[in-house]
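**Student:** Structure provided below as structure tokens; questions to follow.
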Amino acid sequence: MGKVLEGIVVVEQGTFITGPAAGMLLADLGADVIKVEQPGTGDPFRAFKGGLYSPHFQTYNRNKRSIELDARDPDDAGVFDALIRRADVYIQNFRPGTAERLGAGEARLRELNPRLVYCAISGFGQSGPAAGRPAYDTVAQAASGFLNLLVNPANPRVVGPAIADALTGFYAAYGVLGALVERARTGLGKRVDVSMLEAMCHFNLDAFTHLFSEGEVMGPYSRPSVSQSYTLRCADGKWIALHMSSPEKFWRALAEAIEQPDIFKDPRFATREGRIAHQEALIELLGGIFAKRTRQAWCQRLAALDVPHAPMYDTREALQDPQARHLQIEIEGVHPKRGPWKTVRSPVSFDGLLPTQVMPPPELGEHNDEIRATLQAGRRRQPGASL
């Protein structure tokens, strides 16, 4: 794969998702990401059924090296400082003030390394009335107005994956990359601040733009009605998704596929505005029609007529689709102790080379000796330097 960040060293002192996700994205691009963890327990996301290699941890920690360091131990504190002196980026997602108590605040680390890009991820920002509050994924989704767009009013419960956590990690990596580009011009590192609240408000930009522009407060069905999106149950109990958007050609093709050529004679469905206003009626109509054939049969008919659709796969099915297999989305690495390990590759390729090589997530402290030896060798090459 194209390791565009090869040579960039990242010290990540992250836990759970936001910090580790940012580190993983940089690692996927070739950066050497050294994950600093608490001795014995490591990242709390490791804990799982009496072990320290949970699926949650594995999700956000591939392509990294792990070292155990205790900030209270003088030798470990020296190793940490040595890492910072050689690092390009430092990432933490502590509550405001915690990094300073651990000796990892920006001011101290910048004294060690003026070129350091310092990335601080928080829940609600570094200052303000809510800065000290605990924040997890659902909290950030709710505070940003995003959760209100996901919850089904008829069955109000939290659904889906940890979107806010993962997206905050994306925004943090995006900020770090920008700071690295500027450092190439100035020679000095920047501080990068990202909060989950700010990240999710930005991700929720469409809803805020509708509010600013039209005074509209969007709800769970606002976008699906405008985009004309549908999920429909087929005869075999499997589901299919349609996204008809605005081009009339797609609706004409759908009318042919469902053998309803007179559908546009119904004034409710004759125009885009009508279909938006009467989507519930369309859902009922299409639901009855799609229940008469299997999902595979519908996919064949819709594909032949270029109707925007996809089978609504579960995770077991998705990677078996011929297109997913062609793109080699599922990849495998080999852990030195655990053996073969599968994951989904980075979606970004360079010069047509798919990033199919991966290093499985590290065991806790797997690279303790390796990293310390590298630092010792560096000290021998630079007389007077200390760990």
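**Student:** For the structure I just gave you, tell me whether Gln38 is of a type in the set (S, T, N, Q), without any contact (Cβ under 8 Å) to a residue 40 or more places away in the chain and assigned by the TED database to the domain that holds Thr356.
**Tutor:** When the stated conditions are applied, Gln38 passes them.
**Student:** Taking only region 118-141 into account, find how many residues are surrounded by 16 or more Cβ atoms within 10 Å (Cβ to Cβ) and among the hydroxyl-bearing types (Ser, Thr, Tyr).
**Tutor:** 2
**Student:** To continue, here is another question. If we scan region 172-183, do we find a residue that is within 22 Å of the chain's Cα centre (by Cα), in the same structural domain as Ala27 (by the TED database) and charged (D, E, K, R)?
**Tutor:** Checked against the condition, which is being within 22 Å of the chain's Cα centre (by Cα), in the same structural domain as Ala27 (by the TED database) and charged (D, E, K, R), region 172-183 yields no hits at all.
**Student:** Applying the selection to region 337-373, what residues are more than 25 Å from the chain's Cα centre (by Cα) and closer than 25 Å to Arg316 by Cβ?
**Tutor:** Correct list: Arg338, Gly339.
**Student:** Which residues, counting only those in region 200-232, are among the hydrophobic types (A, V, I, L, M, F, W, C) and either surrounded by 15 or more Cβ atoms within 10 Å (Cβ to Cβ) or over 23 Å from Ala154 (Cβ atoms) (or both)?
**Tutor:** Met200, Cys201, Phe203, Leu205, Ala207, Phe208, Leu211, Phe212, Met218, Val226, Leu232
**Student:** Could you name every one of the helices (runs of 4 or more DSSP H) located completely within region 105-191 that has at least 3 residues being touching a strand residue (DSSP E or B) at 6+ places or on another chain (Cβ under 8 Å)?
**Tutor:** Once the helices (runs of 4 or more DSSP H) in region 105-191 are filtered for at least 3 residues that are touching a strand residue (DSSP E or B) at 6+ places or on another chain (Cβ under 8 Å), what remains is 106-112, 163-186.
**Student:** Here's something else I'd like to know. Scanning region 242-251 for residues that are closer than 24 Å to Met312 by Cβ and open to solvent by 30 Å² or more (accessible area, probe 1.4 Å), which turns out modelled with the lowest pLDDT?
**Tutor:** Only one residue fits best here, namely Ser246.
**Student:** Does Arg115 meet the test of being open to solvent by 40 Å² or more (accessible area, probe 1.4 Å) and either in the same structural domain as Gly30 (by the TED database) or out of contact with any Cys (no Cβ under 7 Å at 6 or more places or on another chain) (or both)?
**Tutor:** yes
**Student:** Could you list, in sequence order, all residues of region 210-229 that are aromatic (Phe, Trp, Tyr) and either outside any helix (DSSP H, G or I) or in the same structural domain as Phe269 (by the TED database) (or both)?
**Tutor:** Within region 210-229, just Tyr221 meets the criteria.
**Student:** Of the conditions (1) within 28 Å of Leu327 (Cβ to Cβ); (2) in contact (Cβ under 8 Å) with a residue 12 or more places away in the chain, Ala82 clears all except one; give me its number.
**Tutor:** (1)
**Student:** Being crowded, with 17+ Cβ neighbours inside 10 Å and not assigned by the TED database to the domain that holds Asp262, is that true of even one residue in region 301-310?
**Tutor:** no
**Student:** Go through the residues of region 261-272 one by one and say whether even a single one is among the aromatic types (Phe, Trp, Tyr), in a loop (DSSP other than H, G, I, E, B) and surrounded by 14 or more Cβ atoms within 10 Å (Cβ to Cβ).
**Tutor:** There is at least one residue in region 261-272 that is among the aromatic types (Phe, Trp, Tyr), in a loop (DSSP other than H, G, I, E, B) and surrounded by 14 or more Cβ atoms within 10 Å (Cβ to Cβ).
The values are calculated or read from the model by the stated rules, or taken from the named source; none is laboratory data. Not measured: the values here are computed from a predicted model. Neighbour counts run over all protein chains shown; Cβ positions are idealised from the backbone, glycine included. Heads up: the accessible areas ignore ligands, DNA and RNA and are worked out on the full protein's heavy atoms, side chains in. Shrake-Rupley method; radii C 1.70, N 1.55, O 1.52, S 1.80 Å.
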